[in-house]
Amino acid sequence: MKPLIFDVTPLIYLGKINVLEKITHFPEEKFTPESVYEEVVVEGKNSGNPGVFLIEKLLEAGILKIKMPADDRYVNYLNENPRIHRGDAEVIALASELDGISLLDDEEARGMAEIEGIEHHGTIYLLLRMLKIELLTKEETIDGLDEMLRRGWRCSTELYAEILHAIK
């Protein structure tokens, strides 16, 4: 099974809707790079985001592991694009090294992963997987999606309709 490499947004939004701990039921190894940890946990504690402590708990339990990509040159190459954040570049590079799945919501980062031939999905993929393996009901999945939107996650009306169709 391909390991899952988490960027900031999936961690934050799954935490905001109180379903992040359900990733423990996914059989794949789960990683995040140091820069994502710094942004989500270290900076997150300063912002008072309570979901940060759940992320930290998953890290302490070894369910989610911090791992850095070995090829700094590849990270720097990806990071030459001014629209790609350091964390995005590290997620993509780590997914490349581990033949994993990069979990990104940022459109630019997903485009870069596509160009690089790296499998990528986002927060909705994780939410739908939780539904598929019955960690969430249809109602809980729709409520979670709506709560993500209320808390700042963005998508077009067309994508929202597609997601609802996939849930039903």
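Every number here is computed from the coordinates shown, using simple stated rules; none is lab data. Computed from a prediction, not measured in an experiment: that's the story for all the values here. Don't worry about glycine lacking a Cβ; one is built from the backbone with ideal geometry, like all the others, and counts go over all protein chains shown.
Here are a few things to note about the model shown:
- Computed from the Cβ-Cβ distance with R0 of 41 Å, the FRET efficiency linking Arg151 to Lys2 stands at 0.90.
- Shown here: volume of the Cα convex hull per residue in Å³, derived from the displayed model; of the candidates (i) 192; (ii) 114; (iii) 95, it corresponds to (ii).
- Taking every alpha-carbon pair under 8 Å whose residues sit at least 6 apart, the chain reaches a relative contact order of 25 percent.
- Net charge of Cβ neighbours under 10 Å - reference His25; Lys, Arg +1; Asp, Glu -1: 0
- 17 Å tail of the calculated P(r), the stretch 44-111, as % of Cα pairs: 53
- With a simple spin-label model that places each label point 7 Å from the Cα along the Cα-to-Cβ direction, the separation between Arg83 and Glu119 comes to 2.6 nm.
- Between Glu28 and Leu159, full extension at 0.36 nm per residue minus the direct alpha carbon distance yields a gain of 44.5 nm.
- The ellipsoid equivalent to the alpha-carbon distribution of the stretch 1-50 has semi-axes of 20, 14, 7 angstrom, derived from the gyration tensor eigenvalues as √(5λ) and listed largest first.
- On Cα atoms only, tilt of 86-98 relative to the major axis of the chain in degrees: 90
- Selection from Ile12, Gly111, Ala89 lying farthest towards where the dipole of the chain points positive, charges on Cβ: Ile12
- Test item: Cα-centred dipole of the chain, Lys/Arg +1 and Asp/Glu -1 on Cβ, debye: 480
- Cα centroid separation, the stretch 81-139 to the stretch 1-68 (Å): 13
- Which listed pairs, of Lys22/Lys45; Lys16/Lys65; Lys16/Lys138; Lys45/Lys138, have C-alpha distances above 27 Å, in listed order: Lys45/Lys138
- Sorting Leu126, Leu164, Leu103 by the number of Cβ atoms found within 10 Å of their own Cβ, with the fewest placed first, yields Leu164, Leu126, Leu103.
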